[in-house]
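What follows is a set of notes on a single structure, which appears directly below.
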2 protein chains.
Amino acid sequence: MSDSFTVSLSLKNDKLLFKGSARDNDYVSMDYFPPLGDGKGYTGLELLLMSFSGCSATSIVFLLRKMGKTILGLDVESEGVKSDVLPNAFKEIVIAYKIKSKDVVGDDVIKALKLSEESVCPVWAMIKGNVKVSPSFEIIA
Amino acid sequence: MSDSFTVSLSLKNDKLLFKGSARDNDYVSMDYFPPLGDGKGYTGLELLLMSFSGCSATSIVFLLRKMGKTILGLDVESEGVKSDVLPNAFKEIVIAYKIKSKDVVGDDVIKALKLSEESVCPVWAMIKGNVKVSPSFEIIA
């Protein structure tokens, strides 16, 4: 596990296209919607949503496996609901986990979500108090 | 400008590799460090840092242009400093902006940073109170 968390970004055109990277990962393109940008990349809000969704999904899989469960798949759909107040941040994130497993039961997921929020998912901790998180889940055998 | 902020993620192996996307953007690979994952993608923390860095950089460029300034380039380096307390979220983000411009002066950047924090950058608003942001900048003619 690495403790190095650094990111580099660079403006790539005369509008708002940025390319960013961390470690040896592929570049991520970030851009804003027209007319200010060309819409050819993720917005900061979309990456925040991806960050939260991936962090919470990772911790759910980790925690369910730690309970001895077998996870055959996990699909996540998340939606950020924007506030009307500037800077129009997300007031709520609605996130749905579709878990493929033959031995996971609802109480396991409820427990994993609780632990994820309280002490396992760092991104959840960083938006706490500012963004309401509304999770739901489905277990597919 | 779109109001649709949705993200989809899917677990892609028997460890912790996820692939995520939003709109028609390229997939982003997310993974965790070995041995739990294979380290072949961004962590949630790295994407949070990218999200914040890109959001604040976008707003700084937007605001400086709104002041009538010409931005020839912007490079950003940011570092997330982790807390010792679980879930080891960032307690601080140290971010350095290198602005290439012939007409931007220090006071312009200070003003843009203030506006970005207060009312322009939504990601900044979402981590407010939980993460300290320490910005610095350099202007290169």
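Checking B:Ile60 against (1) surrounded by fewer than 18 Cβ atoms within 10 Å (Cβ to Cβ); (2) under 13 Å from the mean Cα position of the chain (by Cα), which test does it fail?
Checking B:Ile60 against (1) surrounded by fewer than 18 Cβ atoms within 10 Å (Cβ to Cβ); (2) under 13 Å from the mean Cα position of the chain (by Cα), the one that fails is (1).
So which residues in segment B:72-129 are more than 7 Å from every other protein chain (Cβ to nearest Cβ), surrounded by fewer than 17 Cβ atoms within 10 Å (Cβ to Cβ) and under 12 Å from the mean Cα position of the chain (by Cα), if there are any at all?
Of everything in segment B:72-129, those that are more than 7 Å from every other protein chain (Cβ to nearest Cβ), surrounded by fewer than 17 Cβ atoms within 10 Å (Cβ to Cβ) and under 12 Å from the mean Cα position of the chain (by Cα) turn out to be B:Val94, B:Ala96.
Out of all the residues in segment A:1-44, which are buried (at least 22 other Cβ atoms within 10 Å of the Cβ) and charged (D, E, K, R)?
A:Asp31
Going by the structure shown, is B:Ala57 in a helix (DSSP H, G or I) and assigned by TED's automatic domain parsing to the domain that holds B:Gly129?
Considered against the rule, which asks whether it is in a helix (DSSP H, G or I) and assigned by TED's automatic domain parsing to the domain that holds B:Gly129, B:Ala57 comes out as yes.
May I ask you to list the residues in segment B:32-64 that are at the interface with chain A (Cβ under 7 Å from one of its Cβ atoms) and farther than 12 Å from A:Leu48 by Cα?
B:Tyr32, B:Phe33, B:Leu36, B:Gly41, B:Tyr42, B:Ala57, B:Thr58, B:Val61, B:Phe62
Could you tell me which of the residues A:Gly80, A:Gly20 is in contact with a helix residue (DSSP H, G or I) (Cβ under 6 Å, 6 or more places away or on another chain) and either in the same structural domain as A:Leu115 (by TED's automatic domain parsing) or in a helix (DSSP H, G or I) (or both)?
The unique qualifying residue is A:Gly80.
The values are calculated or read from the model by the stated rules, or taken from the named source; none is laboratory data. In this text the structure is predicted, and so the values were computed from the model without any measurement. Positions of Cβ are backbone-derived with ideal geometry, glycine not excepted, and every protein chain shown enters the neighbour counts.
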